[in-house]
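Chemist: Dropping the structure in here first, questions after.
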Amino acid sequence: MSVYRMVEKGNPILSLKLGNVSPDCDREQVAADLADTMRANNGIGLSANQVGILERIFVMYSDIKERKIISCFNPQILEESTEHAFGDEGCLTYPGLWLQIKRPVWIKATWEDQTGVSGEYKLAGLEARIFQHEFDHMEGTNFTKRVSKLRLQRALKRAQKQLKKSQINKS
């Protein structure tokens, strides 16, 4: 298995809406490598375009406590709750940046697994949040676009202060 290198924030690949997975995609290999990369970076979800792969796939923990990883090829959100909730979100593309993001509390989604078998699933709570976050990457957007510029600037300053503080503590 391989651990991919993350693309830098601002890379144009992160703004592309991804089409369906190509027929020649080695689904097993890509899914395994994305899972390894996610774990190596202490993430809970990772989209292929975050590591430079232009395929509509992401991996995520479907059960955080059990550390069960699922691979979602060609994911789509079919339905979402009318009830929304705020929650902390971070992103491997933006290390140290945390934002309060408002999202539906549950979703109904469909995706294919590594073998191409598709299913319809209802996700709630943290798992629904992770799915929506990674789905945003497939759509060419990210969590920084879901807050005002002022909130983003404040969060970026906090993250920068934390980074400086941690570098001082390491010295």
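The values are calculated or read from the model by the stated rules, or taken from the named source; none is laboratory data. Small disclaimer: the values here were computed from a predicted structure and weren't measured. Note: ideal-geometry Cβ built from the backbone for every residue, glycine included; neighbour counts use all protein chains shown.
Chemist: Please give the number of the condition residue 63 fails out of (1) surrounded by fewer than 20 Cβ atoms within 10 Å (Cβ to Cβ); (2) acidic (Asp, Glu); (3) over 14 Å from residue 126 (Cα atoms).
Modeler: Status for residue 63: all satisfied but (3).
Chemist: Touching a Gly at 6+ places or on another chain (Cβ under 8 Å) and either loosely packed, with under 12 Cβ neighbours inside 10 Å or among the charged types (D, E, K, R) (or both): does that describe residue 127?
Modeler: Criteria not met by residue 127.
Chemist: Looking only at region 1-21, count every residue that is in a helix (DSSP H, G or I) and free of Cβ contacts under 8 Å to residues at least 12 places away in the same chain and tell me the total.
Modeler: 1
Chemist: Next question, about the same structure. Of everything in region 72-123 that's in contact with an Asp or Glu (Cβ under 6 Å, 6 or more places away or on another chain) and more than 30 Å from residue 155 (Cα to Cα), which residue is surrounded by the most Cβ atoms within 10 Å (Cβ to Cβ)?
Modeler: Residue satisfying both the conditions and the ranking: 73.
Chemist: While we're here: Determine which single condition residue 81 fails, assuming it passes every other condition in (1) in contact with a Phe, Trp or Tyr (Cβ under 6 Å, 6 or more places away or on another chain); (2) within 24 Å of residue 39 (Cα to Cα); (3) hydroxyl-bearing (Ser, Thr, Tyr).
Modeler: (2)
Chemist: For a quick check of your reading of the model, give me the residue pairs whose first member lies in region 22-43 and is assigned to a loop (DSSP other than H, G, I, E, B), whose second is modelled with pLDDT of 95 or more, with beta-carbon atoms closer than 6 Å and at least 6 apart or on different chains.
Modeler: 25/55; 41/92; 43/92
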